[in-house]
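Student: Could you have a look at this structure, given as structure tokens, before my questions?
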Amino acid sequence: MSTPETKSLLVQEAPIFVQSTPGRSGASLPALDVPAVDVAALWPAALRRERLPELPEVSEPEVVRHYTRASLWNFHIDKGMYPLGSCTMKYNPKSADAAAAIPGLTMLHPYQPEDQLQGALAMIHELEGYLARIAGFARVTLQPSAGAHGELCGLMLIRAYHEDRGKRRSKVLIPDTAHGTNPASCTVNGFSTVPLATSELGYLTPEAVKAVLDDDVAAIMITNPNTLGLFEERIAEIAELVHGAGGLVYMDGANLNALLGRFRPGDAGVDVMHFNLHKTFATPHGGGGPGSGPVGVGEKLVPFLPIPTVEKRADGSYALDQERPKSIGRLRAFLGNYGVMLRAYAYIRELGGEGLKQATEMAVLNANYLRASLRELLHVPFPDRCMHEVIASDHDLKATGVTTLDIAKRLMDYGFHPPTVYFPLVVHGALMIEPTETETPQTLDCFVAALREIVDDARQSPERVKSAPQSTGLGRLNETLAARKPKLRFGGEE
Ligand SMILES: *Cc1c(COP(=O)(O)O)cnc(C)c1O
């Protein structure tokens with residue numbers, strides 16, 4: 001990164017629109033050898049541009065450098081530790097990307113006849129089977145495009161189940177440590193939500209459930225591990241209670257990377273759960289790319305799964321089944337986000353059962369290693385143990401004026417992406433840190449060392465922390481304005 005004095009000399013650091021020079025081009029096209037057509041004239045007049053777009057005129061290296069430079073300003077998982085809690089930005093093996101890029105797989109079209117798609121259908125069917133086995137379900141649908149979409153699907157299944165039994169139920173119980181998408185999905189589905197307070201130690205209790213359980217409760221929705229990074233130890237007991245009242249149990253399994261090989265939700269009485277392939281199974285979350293939120297169900301919800309399902313025929317071939325009279329219908333075009341499925345498939349096949357279990361154990365070990373180290377530096381509200389992520393807060397720094405936001409910004413100066421901040425809401429000034437299984441002890445030690453310096457600075461020279469970040473291309477931004485009034489064009493037009 002250049003210093004402010006040298007920056008103005010580096011013409012390459014100027015925005016690409018400033019580098020534009022009339023007549024310069026990165027393309028060398030052959031001379032036209034067919035009759036010229038005025039393509040614009042083919043468009044209806046109302047849709048035509050009034051003036052040509054002002055594209056920068058630049059050479060090929062200028063364009064390549066522009067995007068490469070932008071990618072370096074950006075923080076990404078290939079550059080450093082990205083401890084974003086609740087979102088699992090883990091480094092994923094490049095072998096999974098390679099598998100998802102095999103031309104024979106990527107060049108398929110979903111409208112090709114089934115007999116030409118046998119390999120793809122086999123992969124989908126097998127992946128469905130692996131996920132069902134991993135989490136203890138009868139079947140899985142791979143259609144949902146994200147975790148929240150999986151929640152929508154799961155709640156539609158729950159609604160269909162109750163309606164099929166001739167009873168509409170209107171309420172869903174949601175603990176205050178649930179992920180924010182859970183209540184949102186309920187509302188979108190027309191359910192009202194009943195909040196459940198968790199215990200002082202951060203757990204959901206059967207007593208809290210009992211207090212509000214009645215025959216209008218369609219389901220309980222339990223994020224597990226919950227957003228405090230804690231395993232809901234009484235989930236089986238709670239499932240029994242809810243089943244006793246005729247309700248169903250939804251588990252938000254977005255963070256299953258804390259449980260693989262150790263706990264099967266289906267075995268604990270969970271009826272329906274979504275996975276986040278783009279957290280647990282080899283696609284990073286939040287990269288702006290597609291996700292996948294498969295939904296696993298127990299036997300009683302199988303008839304309601306979205307169509308089409310992929311079925312294996314007696315002769316070993318695969319076919320799409322569109323004839324499922326109780327199905328909630330189609331959730332999206334085609335069969336789901338195929339590239340994400342391919343990565344998950346490759347990842348599961350590469351690691352195998354033992355490998356997946358080991359990944360979970362390392363993720364939990366790493367989080368607990370951080371928890372033990374952080375306890376000496378910051379307030380850790382749930383200090384006993386955690387699953388795959390740990391929460392600290394700025395509570396002990398009150399007198400210094402340094403806040404969670406300042407700590408997050410200062411971490412950038414040390415080359416770390418900030419953790420999730422101010423979430424979960426139940427912890428004031430939360431820093432939610434998820435190291436994942438792929439970070440080495442050396443990296444974790446560096447992260448702790450950075451936090452130690454930041455905490456020392458907070459006490460001795462708080463301005464250093466409050467004015468961070470200093471090493472980034474841009475300093476501290478007004479995040480509200482950046483989100484509400486983004487300037488998406490060069491020249492500042494909104
Ligand atoms: C990430 C996450 C979700 C939502 O998943 P998206 O793919 O972002 O829609 C839901 N619940 C939990 C616990 C999560 O961590």
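Student: For region 9-73, what are the per-bin percents of Cα-Cα distances with bins 10 Å wide, up to the bin holding the maximum?
Tutor: That works out to 16, 32, 30, 18, 3, in percent per bin.
Student: Taking H as built 1.01 Å from N, whose amide H comes closer than 5 Å to the amide H of Leu378, not counting residues under 5 places away?
Tutor: Amide H neighbours of Leu378: none.
Student: Loop only by DSSP, 13 or fewer other Cβ within 10 Å of the Cβ. Give me the GluC sites (Glu not before Pro) in region 39-88 that pass, ordered by residue number.
Tutor: Within region 39-88, the qualifying GluC sites (Glu not before Pro) (loop, at most 13 other Cβ atoms within 10 Å) are Glu50, Glu54.
Student: Ignoring ligands, DNA and RNA, please state the percent of accessible area on region 94-350 from carbon and sulfur, probe 1.4 Å.
Tutor: 55
Student: Give, as a single signed number, the net charge of other residues whose beta carbon lies under 11 Å from the beta carbon of Gly401, with Lys and Arg counted +1 and Asp and Glu -1. Working shown, then result.
Tutor: Working: positive: Lys398, Arg459, Lys466; negative: Asp394, Asp406, Glu463.
Summing Lys/Arg as +1 and Asp/Glu as -1 gives 0.
Student: Also, quick follow-up: All other residues with a Cβ under 12 Å from the Cβ of Val340 taken together, and with Lys, Arg as +1 and Asp, Glu as -1, what is their net charge?
Tutor: On the way: positive: Lys279, Arg343; negative: Asp97.
Combined, the nearby Lys, Arg, Asp and Glu give +1.
Student: Still on this structure, please answer the following. Evaluate the relative contact order of the chain (contact order divided by residue number), counting alpha-carbon pairs under 8 angstrom at least 6 apart; express in whole percent.
Tutor: Reported as a whole number, the value is 17 percent.
Student: Given R₀ = 60 Å, what would the calculated FRET efficiency be for Ser59 paired with Lys312, taking r from the Cβ atoms and rounding to 0.05?
Tutor: In this case the efficiency is close to 0.65.
Student: Protein chains only, probe 1.4 Å: how do Cys446, Cys87 rank by accessible area, largest first?
Tutor: Reading off the accessible areas and sorting them downward yields Cys446, Cys87.
Student: Oh, and also: In Å and whole numbers, how far do the C-alpha atoms of region 134-221 stretch along each principal axis, longest first?
Tutor: The principal-axis extents, from largest down, are 38, 31, 26 Å.
Student: Oh, and also: Measuring with a 1.4 Å probe in the full set of protein chains, what accessible area per residue, in whole Å², belongs to region 94-350? Write down the numbers at each step before the final one.
Tutor: Details: 10080 Å² over 257 residues.
Accessible surface, normalised per residue, equals 39 Å².
Student: Residue by residue through region 263-277, which ³J(HN,Hα) values in whole Hz follow from phi under the Karplus form 6.51 cos²θ - 1.76 cosθ + 1.60 (θ = phi - 60°), with glycine and proline marked x?
Tutor: 8, 10, x, x, 5, 8, x, 6, 8, 7, 8, 9, 9, 10, 4
Student: While we're looking at this one, here's another question. If you keep only loop residues by DSSP, which trypsin sites (Lys or Arg not before Pro) in region 263-336 have at most 15 other Cβ atoms within 10 Å of their Cβ? The partial results should precede the final answer.
Tutor: Values: sites: Lys279, Lys300, Lys312, Arg313, Lys326, Arg330, Arg332; in loops: Arg313, Lys326, Arg330, Arg332.
Answer in residue order: Arg313, Lys326, Arg330, Arg332.
Student: Ratio of region 94-350's C-alpha Rg to 2.2 N^0.38 Å, to two decimals?
Tutor: 1.00
Student: Under unit Cβ charges (Lys, Arg +1; Asp, Glu -1), what dipole magnitude, rounded to 20 debye, does the chain have relative to its Cα centre?
Tutor: It comes to approximately 600 debye.
Student: Over the chain, one equal point on each Cα, no solvent: what is log10 I(q)/I(0) by the Debye formula at q = 0.05, 0.11, 0.13 Å⁻¹?
Tutor: With one equal scatterer per Cα and no solvent, log10 I(q)/I(0) is -0.24, -1.05, -1.28.
Student: Still on this structure: What's the local net charge at Val390, with K and R +1, D and E -1, over the other residues with C-beta under 10 Å away?
Tutor: On the way: positive: Arg371, Arg375, Arg385; negative: Glu389, Glu434.
My count for the surroundings of Val390 gives +1.
Student: Straight-line reach from Lys487: which lysines fall under 30 Å, measuring Cα to Cα and dropping same-chain residues less than 8 apart?
Tutor: Excluding near neighbours in sequence, the set is Lys7, Lys79, Lys409, Lys466.
Student: Per residue, how much accessible area does region 381-488 show when a 1.4 Å probe rolls over the protein heavy atoms, in square angstrom?
Tutor: It amounts to 50 Å² per residue over region 381-488.
Student: A further question on this structure: Once phi is turned into θ = phi - 60°, what whole-Hz ³J(HN,Hα) does the Karplus curve with 6.51, -1.76 and 1.60 give for every residue of region 149-163, x standing for Gly and Pro?
Tutor: Using θ = phi - 60°, the values come out as 5, x, 4, 4, 4, x, 6, 5, 5, 5, 4, 4, 4, 5, 5 Hz.
Student: Lys210: which lysines have alpha carbons under 26 Å from its alpha carbon, excluding same-chain residues fewer than 8 sequence positions away?
Tutor: Straight-line reach from Lys210, under 26 Å: Lys167, Lys171, Lys300.
The values are calculated or read from the model by the stated rules, or taken from the named source; none is laboratory data. Predicted model only: the values in this text are computed from it and were never measured. Quick reminder, even Gly has a Cβ in these numbers, built from the backbone with ideal geometry, and neighbours come from all protein chains shown. Ligands, DNA and RNA are excluded from the accessible area calculation, which covers all protein heavy atoms including side chains. Shrake-Rupley method; radii C 1.70, N 1.55, O 1.52, S 1.80 Å.
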